[in-house]
Amino acid sequence: KQEVTQIPAALSVPEGENLVLNCSFTDSAIYNLQWFRQDPGKGLTSLLLIQSSQREQTSGRLNASLDKSSGRSTLYIAASQPGDSATYLCAVKNGGYQKVTFGTGTKLQVIP
Amino acid sequence: ETGVTQSPTHLIKTRGQQVTLRCSSQSGHNTVSWYQQALGQGPQFIFQYYREEENGRGNFPPRFSGLQFPNYSSELNVNALELDDSALYLCASSSDRVPEGYGYTFGSGTRLTVV
């Protein structure tokens with residue numbers, strides 16, 4: 001059974017800092033890993049999708065890396081802004097039917 | 001390209017009642033998955049529908065059931081509602097037409113409160 005862990009559970013940083021969110025998973029036989037952002041009481045917005053054959057993906061100030069062998073992914077946010085404040089979730093897709101397993105998220109607060 | 005649409009956005013029901021939540025999948029997606037997200041938790045997988053059949057289920061009792069229609073839209077039905085069913089219910093669509101998949105597109109969710 002796949003288990004996904006995100007550390008830290010919460011993070012508070014001053015505006016402008018670069019930061020790293022961590023995601024680890026127990027079963028390395030994955031199809032892909034997806035990072036999402038969730039604002040309070042809202043749905044999930046996809047940020048980056050990394051296929052199992054890839055090592056990283058970039059979008060603007062966001063960069064996600066994937067190391068399947070060690071069961072880890074990181075989401076790097078450069079020059080953080082107050083608008084980045086949200087909960088960030090990583091989700092791992094394994095084979096078979098397209099079940100995706102989520103971590104419990106990292107709640108980020110960027111202080112102006 | 002349209003996104004995933006869920007209705008209603010909010011719902012209040014009484015314990016013991018039944019509820020139906022609806023989801024329209026993203027254009028071109030043929031698979032729909034439903035998730036339950038309790039406050040402060042990550043989404044928990046309920047079940048997935050592909051070609052109008054359930055093809056995967058999480059650790060949820062049979063009173064959670066679903067349907068997928070020929071246009072790939074879907075319903076989640078919950079019978080005999082319990083207080084613990086209060087949560088955000090998320091629908092996600094995806095496609096199996098690429099071996100590794102394009103990943104999930106989520107709707108904005110339905111907030112269900114059981115009183």
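The values are calculated or read from the model by the stated rules, or taken from the named source; none is laboratory data. Every value quoted in this text rests on a predicted model; they were computed, and no experiment measured them. Neighbour counts are summed over all protein chains in view; Cβ atoms, including those assigned to glycine, are modelled from backbone coordinates with ideal geometry. With ligands, DNA and RNA removed, areas are computed over all heavy atoms of the protein, side chains included. Shrake-Rupley method; radii C 1.70, N 1.55, O 1.52, S 1.80 Å.
Residues checked against (1) over 10 Å from the mean Cα position of the chain (by Cα); (2) buried (at least 17 other Cβ atoms within 10 Å of the Cβ); (3) at pLDDT below 95; (4) not in a strand (DSSP E or B):
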| site | (1), (2), (3), (4) |
| --- | --- |
| A:VAL13 | yes, no, no, no |
| A:SER28 | yes, no, yes, yes |
| A:SER69 | yes, no, yes, yes |
| A:GLY96 | yes, no, yes, yes |
| A:THR101 | yes, yes, yes, no |
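Here's the yes/no breakdown for (1) within 15 Å of the chain's Cα centre (by Cα); (2) among the β-branched types (Val, Ile, Thr):
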site	(1), (2)
A:THR58	yes, yes
A:SER65	yes, no
A:THR104	yes, yes
A:LYS107	yes, no
A:PRO112	no, no
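If you check A:ALA79, A:ALA91 for being within 8 Å of chain B (Cβ to nearest Cβ) and either at positive phi or open to solvent by less than 10 Å² (accessible area, probe 1.4 Å) (or both), only one passes: A:ALA91.
Going through the range B:55-77 one residue at a time, which ones are over 19 Å from B:GLN6 (Cβ atoms) and within 14 Å of chain A (Cβ to nearest Cβ)? Listed by number, the residues that qualify are B:ASN55, B:GLY56, B:ARG57, B:ASN59. Annotation note: of B:TYR49, B:TYR89, the sole residue that is part of a strand (DSSP E or B), more than 7 Å from chain A (Cβ to nearest Cβ), among the hydroxyl-bearing types (Ser, Thr, Tyr) and within 20 Å of A:GLY105 (Cα to Cα) is B:TYR89.
Name the single residue, out of those in the range A:34-46 being more than 9 Å from chain B (Cβ to nearest Cβ) and at pLDDT below 95, that is nearest to B:ARG111 (Cα to Cα). Per the stated criteria, the residue is A:PRO40. Of all residues in the range B:1-53, those that are touching a residue at least 24 places away in the same chain (Cβ under 8 Å), open to solvent by less than 80 Å² (accessible area, probe 1.4 Å) and within 25 Å of A:GLN6 (Cα to Cα) total 8.
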